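Notes to accompany the following structure.
The values are calculated or read from the model by the stated rules, or taken from the named source; none is laboratory data. None of these values were measured; they are calculated from a predicted model. Note that each Cβ is placed from the backbone with ideal geometry, even for glycine, and that neighbours are counted across all protein chains shown.
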Amino acid sequence: MKIITLLTFLLTVSLITAADQSQTLKGNRPNIIVIMSDDQGLGDMSLSGNTLVKTPHMDAFYANSTRLTDFHVSPSCAPTRSVIMTGKHEFMHGVTHTKYARNRIPAGLGTIAHEMKRAQYQTAIFGKWHLGIEEGRRPQDNGFDESFVLPSGGHGMFNMNPVMIHNGKLVKCKGFSTEVIMGQTLSWIKSAKEKKNPFFIYLPTPAPHGPYKENIPAEWKTKWLDQGYNHNVAGRYALVEDLDTQLGRFMKQLNAWKLMENTLVIFITDNGPNTGGYKKDGKAHKLYHAGFSKGKGGVFEGSTRVPSFWQWKGVFEAGRDISKLTAHFDFFPTFMELAGIKPVASTPKYEGRSLLPLFSDPQHKWADRYLYFNTGKWEPEDDVRDYKFKSAAIRNSKYRLIWYKDQEILLNLEEDMTNLDNIASSHPEIVATMKAEYEKWWEGVYPHASKTLPPVVEQEWEKAFYQLRKHEVAPTYEVPAF
Ligand SMILES: [Ca+2]
């Protein structure tokens, strides 16, 4: 009897503790920093077993974090970025891929930065925006007090002495992009941390996205070029290792300022790794991708399942893995809860769920859910209906049903995330259920995804931007000391 009483007591205490922690997290109002690298997969880190690249600081970040091990983003750049901003699937607001009019966030949408501002946070973005350059679509129109950005994919992917837009003004910066962006962020934090209100920082790095041949210091690439790898390998890994060095410098400074007890730092990547164009000794070469068969721009597991490390000293348990099915649109309600605010009329109708119960209670029952993927990527003259099953997938906690090159592929991911045995023919009932679910989703998003969008309008400042970017124009902006 005594034992039962003691067990009941312990169980009650542990339940109260879990519930209490969830309550404590709500409205705790930590500083929040979201670091998102570009085109980096789990395989591009030494922690996953890659022996060609060394990432001691990413490995340390991983070791100090709670990790979401089944975390998904969209198949490519702009879609993922739009979801982080709005908390809803990219097709709901027409950001279906990375080019033409399709990589721009519509003007007037509420964003997470707007919400954080409403919660009295200081808001800032440093890095690659890629959601539109026209008035109404820029970071400063979307809730960011401070912005220091490469405007978009096509405009910005030049790493040495990058031309950035700092609060609306063009600046040609001295140095390599990752160092410049991280340095600018630290310089801003130096003053932001002295203010009463917490800060929300979105830090999407352009690295390790290409180009890999030009604009990277030659000596950074030597060790791979000497082993017979081509520039795509050498440049890519050089950018990963430089990003790692900069991440180390960044975290060291946050620690030196003793910010880690009240700062949540998240590291994710924006889509799976770039998997093409690699050679060794002149022959096609497959790089290490942590067992995933495909990467960026597709709808296989490796296209959307990316690293997601959450570090908050003394609050989130270091070294803990959470295997529940989670996604980028969960950030929106999670950050709102941390900031202690509830939705109001101006809050966009987000789709995600708060992740706080998962972080506070290892036993939390996380209801299963469906995630929907479609590569998009149609040309402006195409009939969008033709893309329903062209390159698409639906995922729940156990299965991924994929439509790819006229094939219907059902994968059981529960036992092995890299399992590629197509079990569709032996499990027709699962295929039918998931396909019906996908079709229902498609009917809902189609009117939004197929809308004709206004054309991209060249901006007055773009001429000056391209002029400044020329090599012969010397950089004039130096990151302020911190
Ligand atoms: Ca990307």
Looking only at the stretch 117-138, count how many residues are without any contact (Cβ under 8 Å) to a residue 60 or more places away in the chain and of a type in the set (A, V, I, L, M, F, W, C).
1
Just one of the numbered conditions (1) more than 20 Å from TYR466 (Cα to Cα); (2) at pLDDT 95 or above is not true of VAL149; which one?
(1)
Looking for whichever is crowded, with 22+ Cβ neighbours inside 10 Å and over 30 Å from SER391 (Cα atoms) here; the options are LEU243, LEU239. Which one fits?
LEU243
Determine which member of the set THR347, THR326, THR275, THR334 is part of a loop (DSSP other than H, G, I, E, B), more than 16 Å from the ligand (Cβ to nearest atom) and of a type in the set (S, T, N, Q).
THR347
Residue check for VAL233: β-branched (Val, Ile, Thr), crowded, with 18+ Cβ neighbours inside 10 Å and more than 16 Å from the ligand (Cβ to nearest atom):
yes
Does LYS174 satisfy the condition of being more than 16 Å from the ligand (Cβ to nearest atom), surrounded by fewer than 21 Cβ atoms within 10 Å (Cβ to Cβ), of a type in the set (D, E, K, R) and without any contact (Cβ under 8 Å) to a residue 40 or more places away in the chain?
no
Out of the residues in the stretch 67-116 that are surrounded by fewer than 24 Cβ atoms within 10 Å (Cβ to Cβ) and without any contact (Cβ under 8 Å) to a residue 40 or more places away in the chain, state the one that is farthest from the ligand (Cβ to nearest atom).
GLY108
Which count do you get for residues in the stretch 170-196 that are out of contact with any helix residue (DSSP H, G or I) (no Cβ under 9 Å at 6 or more places or on another chain) and of a type in the set (S, T, N, Q)?
3
Please state which one of LYS258, LYS286, LYS296 is part of a loop (DSSP other than H, G, I, E, B), within 16 Å of the ligand (Cβ to nearest atom) and among the basic types (Lys, Arg).
LYS296
Filter result for the condition that a residue is without any contact (Cβ under 8 Å) to a residue 60 or more places away in the chain, out of contact with any His (no Cβ under 9 Å at 6 or more places or on another chain) and of a type outside the set (Val, Ile, Thr), over ASP368, ASP321
ASP368
Scan the stretch 303-313 for residues that are within 14 Å of the ligand (Cβ to nearest atom), more than 18 Å from LYS390 (Cα to Cα) and outside any loop (DSSP other than H, G, I, E, B) and jot them down.
none
Could you please tell me which pairs satisfy a Cβ distance under 7 Å, a separation of 6+ or placement on different chains, a first residue in the stretch 470-481 that is outside any loop (DSSP other than H, G, I, E, B), and a second residue that is surrounded by 10 or more Cβ atoms within 10 Å (Cβ to Cβ)?
TYR477/VAL171; TYR477/LYS172; TYR477/CYS173; TYR477/LYS174
Which one is surrounded by the most Cβ atoms within 10 Å (Cβ to Cβ), of the residues in the stretch 314-341 that are under 20 Å from the mean Cα position of the chain (by Cα) and among the β-branched types (Val, Ile, Thr)?
THR334
